[in-house]
Structure formats: structure tokens, C-alpha cells
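Student: Have a look at this one.
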Amino acid sequence: MLHSINSRIQIIRRTKENKRRYLNLKSNENLVTDDPLFFRTLLNNVDPVELLKYPVYDDIYHCLKSHLGVENIVLTSGCHDAIRVLFSSLDKTKNKVLLTTPNYDGYSLYLNINEIPYVQCSRTPDSQFDLSSLYEQTLRHQCNLLVLTNPDPFVGDCFERDQITVFLQSCKDSGITVILDEVYSGFGRDSDIILTKTYDNLLVLNSLSKSYGLPGLRVGWIAGMQKI
């Protein structure tokens, strides 16, 4: 019975793929198959060089820079990959991070994988982070990087640009780099990515997944004043 059901599922899958007769490269919905038609379609219609370039297409890179209004970005496979790229590039002997929590699990994951020391600073739903307090805690714990998500991914409140600007200047004066996660910036407020033109101690992370509603594209980025 189970074998019969599995066989039927395989037939349905192959039939669906055969009827479509093309590769659906715009999403992750392609079905795994050993049907020769799949491979003939691949070889006849897709340049192998294009497959090697995914997801770093030159057109996406240049269009995204123009859309964001900044010059220096690193294109990544979603914001999760941006976090991975960022923390894997750090020297664990020279960096210490203040991580605001609760936050996306990818931060603690890649901090731990790369053995980068970090201190967690937590909030509750009823108590928003105080930027002055975050700055003081960063100094007290001798951290040179601080992760701040704006808007907050769990509560939804946010800091306005004038607050972020004052905070960035204080951090700059003390040699602290701010990693600003803006994956929810389209919900209720605009991005502060333009501040990367003024502050060399700011890195902005974002993607097309949330506010742009395009998670299947797997496009994320890190933006900063200097070439990264």
C-alpha cells in the first residue's frame, strides 16, 4: 500500500514537471526527477555560466545599488547569509559584540560558530531599549560592535532617524561599529541606509524577503561607507 502511494506521488510529480516543460528558475519549486527531459531542457536552455553566478547577478547588484542610493554593498543570499558573511570575516581575538535580544537566532549561531565573544542585552515587550543605556553597556563590556534591529522584529517598535544619528555619533567617538538590521524597515518606517554615506562605523543589513515580499529571490545585502 505504502509503496503504491509513493509510486503514485512520483508519477504525479513527473507529470507536473513534464506538462510544464520548462525550468522554474524564479523559485525553489523545481521537482527532483530522473526524467531525461529535465536534463535536456537544462542543457539546451541554460548557460552553465548563469548557474554558477546565482544568486550574484550583475544586473541585480547594480540595480539594487541604484535603488538603495548607496555605492558599497555586498550582495548575499538573503539576510541570513549576510549575517554569516559578516561574522565569518571577523577576527575573534580582536572583536567583541553586544547582541540585543530577543533577536534572530542566526546572530548567536554564527557568533558561536566563529567563536566570537559576545554579551547579550535583553528587553521585554513593555520596555524598549534605551540607546544611551546600550551605548554605556557596550563600553562597560568593552565591546567594539553592537547589533541593533530596527524596527524590533518581535515587538515592532522602532527608533527614529534623529535618535539613530545621535547614537551613531556617540558610538563613532568611542570606536564602536553598529550593525543595524533593517529587515523590517518597510513596516512603519524608512531605512536609514543613507546614513552609511556619513558614518563609517555603520553596517546595514537587509533583504528583499520581508518588506519587499520576495523571499524566493534569496537576495540580501550588507551596506557600508567603505568597500567591504
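Student: Take the residues in region 61-77 that are under 13 Å from G220 (Cα atoms) and touching a helix residue (DSSP H, G or I) at 6+ places or on another chain (Cβ under 8 Å); name whichever of them is surrounded by the fewest Cβ atoms within 10 Å (Cβ to Cβ).
Tutor: L68
Student: Please go through region 200-224 and pick out each residue that is assigned to a loop (DSSP other than H, G, I, E, B) and over 18 Å from C63 (Cα atoms).
Tutor: If the condition is that a residue be assigned to a loop (DSSP other than H, G, I, E, B) and over 18 Å from C63 (Cα atoms), then D200, N201, K210 are the ones that fit.
Student: Across region 190-210, what is the total count of residues that are among the charged types (D, E, K, R) and crowded, with 17+ Cβ neighbours inside 10 Å?
Tutor: At the first step, the residues of region 190-210 found to be among the charged types (D, E, K, R) are 190, 192, 197, 200, 210.
Going one step further and asking which of them are crowded, with 17+ Cβ neighbours inside 10 Å, we end up with 192, 210.
Residues that pass the stated criteria total 2.
Student: Can you find a residue in region 142-150 that is modelled with pLDDT under 95, assigned to a loop (DSSP other than H, G, I, E, B) and surrounded by fewer than 17 Cβ atoms within 10 Å (Cβ to Cβ)? If you could, list the steps in order and put the result at the bottom.
Tutor: Going residue by residue through region 142-150, those that are modelled with pLDDT under 95 are none.
Within region 142-150 (the criterion being modelled with pLDDT under 95, assigned to a loop (DSSP other than H, G, I, E, B) and surrounded by fewer than 17 Cβ atoms within 10 Å (Cβ to Cβ)), the answer is no, since none of the residues qualifies.
Student: Please state which of the following conditions S174 fails to meet, knowing it meets all the rest: (1) among the small types (G, A, S); (2) in contact with a Leu (Cβ under 8 Å, 6 or more places away or on another chain); (3) closer than 28 Å to Y61 by Cβ.
Tutor: Only one criterion in (1) among the small types (G, A, S); (2) in contact with a Leu (Cβ under 8 Å, 6 or more places away or on another chain); (3) closer than 28 Å to Y61 by Cβ is unmet by S174, namely (3).
Student: If you go through region 119-131 one residue at a time, do you hit one that is over 20 Å from I193 (Cα atoms), in a loop (DSSP other than H, G, I, E, B), open to solvent by less than 40 Å² (accessible area, probe 1.4 Å) and among the aliphatic types (A, V, I, L, M)?
Tutor: Here is the first cut: in region 119-131, the ones over 20 Å from I193 (Cα atoms) are 119-130.
Still in the running and in a loop (DSSP other than H, G, I, E, B): 123, 125-126, 128-130.
Remaining after also requiring open to solvent by less than 40 Å² (accessible area, probe 1.4 Å): 123, 129.
The next check asks that each one be among the aliphatic types (A, V, I, L, M); those that pass are none.
No: zero hits.
Student: Quick check on this structure: which one of G156, G186, G175, G213 is without any contact (Cβ under 8 Å) to a residue 12 or more places away in the chain, out of contact with any helix residue (DSSP H, G or I) (no Cβ under 9 Å at 6 or more places or on another chain) and open to solvent by 10 Å² or more (accessible area, probe 1.4 Å)? Outline the logic, then answer.
Tutor: Values: G156 fails: without any contact (Cβ under 8 Å) to a residue 12 or more places away in the chain; G186 fails: without any contact (Cβ under 8 Å) to a residue 12 or more places away in the chain; G175 fails: without any contact (Cβ under 8 Å) to a residue 12 or more places away in the chain.
Result of the check over G156, G186, G175, G213: G213.
Student: Next up: Could you please find all residues in region 96-118 being under 17 Å from D157 (Cβ atoms) and open to solvent by less than 40 Å² (accessible area, probe 1.4 Å)?
Tutor: Step one: of region 96-118, the residues under 17 Å from D157 (Cβ atoms) are 100-104.
Correct list: T100, T101, N103.
The values are calculated or read from the model by the stated rules, or taken from the named source; none is laboratory data. Computed from a prediction, not measured in an experiment: that's the story for all the values here. Positions of Cβ are backbone-derived with ideal geometry, glycine not excepted, and every protein chain shown enters the neighbour counts. Surface areas here come from the heavy atoms of the whole protein model, side chains and all, with no ligands, DNA or RNA. Shrake-Rupley method; radii C 1.70, N 1.55, O 1.52, S 1.80 Å.
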